[in-house]
Amino acid sequence: MTRIDDTPPAWDERTQLTTFLDYARDTARAKCDGVSEENARKSLLPGSPLMTLCGVLNHLRWVEYYWFQVVFLGEEDEGPWTEEDPDREMRIAVEFPLARILGEYAAQSARYRELVAAHGLDERARRAVRDGLHVDLRWILHHLVEETARHNGHLDILREMLDGTTGG
């Protein structure tokens, strides 16, 4: 997997935000280069048993789904989580091949690039997030950069613990 550069091709706000989100996405996928299927499912943190490479990647995929489709577009929430199992997307991830999760994440990222390109950054989400607040697309992009970058730190730690691989 070749990771894109984090330097945007243009300096407008949209290009900077989308470049950083793509960079963070590519970094998450790069953390999985060469990892075995067995290691992709290993849970190494006793206090966080759902924290696996598959689990984190599946979480990132479903987080984007939630923010773009459920909050921004106002679609029905058909995510894997339930009130009884709010982290189900991480729990079920170990049932799927890593390549499938990576492929679905990449395909979804391409669709969301198109969605972002078709809407203004000031456009408000159709669904409120809390206290009746309807965030704008700009806020969602900032949030997803932060969320993905934070989880890249988890992926760094997991990968080093699994097989000693650092960087990427």
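The values are calculated or read from the model by the stated rules, or taken from the named source; none is laboratory data. Not measured: the values here are computed from a predicted model. We place every Cβ from the backbone using ideal geometry, glycine too, and count neighbours over all the protein chains shown. The protein model used for the area step is the full one, side chains on, heavy atoms only, and it has no ligands, DNA or RNA in it. Shrake-Rupley method; radii C 1.70, N 1.55, O 1.52, S 1.80 Å.
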Out of the residues in segment 16-46 that are without any contact (Cβ under 8 Å) to a residue 24 or more places away in the chain, open to solvent by 30 Å² or more (accessible area, probe 1.4 Å) and in a helix (DSSP H, G or I), which is nearest to Ala99 (Cα to Cα)?
Glu38
Please enumerate the residues belonging to segment 117-146 that are within 12 Å of the chain's Cα centre (by Cα) and farther than 17 Å from Val70 by Cα.
Val145, Glu146
In segment 131-168, what residues are open to solvent by less than 20 Å² (accessible area, probe 1.4 Å) and either under 21 Å from Asp33 (Cβ atoms) or of a type outside the set (A, V, I, L, M, F, W, C) (or both)?
Glu147, Thr148, His151, Asn152, Leu155, Leu158, Arg159
Considering segment 6-15 alone, what residues qualify as being open to solvent by 60 Å² or more (accessible area, probe 1.4 Å) and not in a loop (DSSP other than H, G, I, E, B)?
Glu13, Arg14
Every residue in segment 1-15 that is acidic (Asp, Glu) and without any contact (Cβ under 8 Å) to a residue 12 or more places away in the chain, please.
Asp12
Identity of the residue in segment 45-62, hydrophobic (A, V, I, L, M, F, W, C) and touching a Ser or Thr at 6+ places or on another chain (Cβ under 8 Å), that ends up nearest to Ala118 (Cα to Cα):
Leu60
Going through segment 106-126 in order, the residues found to be touching an Asp or Glu at 6+ places or on another chain (Cβ under 8 Å) and either crowded, with 17+ Cβ neighbours inside 10 Å or assigned to a loop (DSSP other than H, G, I, E, B) (or both) are Gln108, Ser109, Tyr112, Leu121, Asp122, Glu123, Ala125
Within segment 58-70, which residues are free of Cβ contacts under 8 Å to residues at least 60 places away in the same chain and under 10 Å from the mean Cα position of the chain (by Cα)?
Asn58, Arg61, Trp62, Tyr65
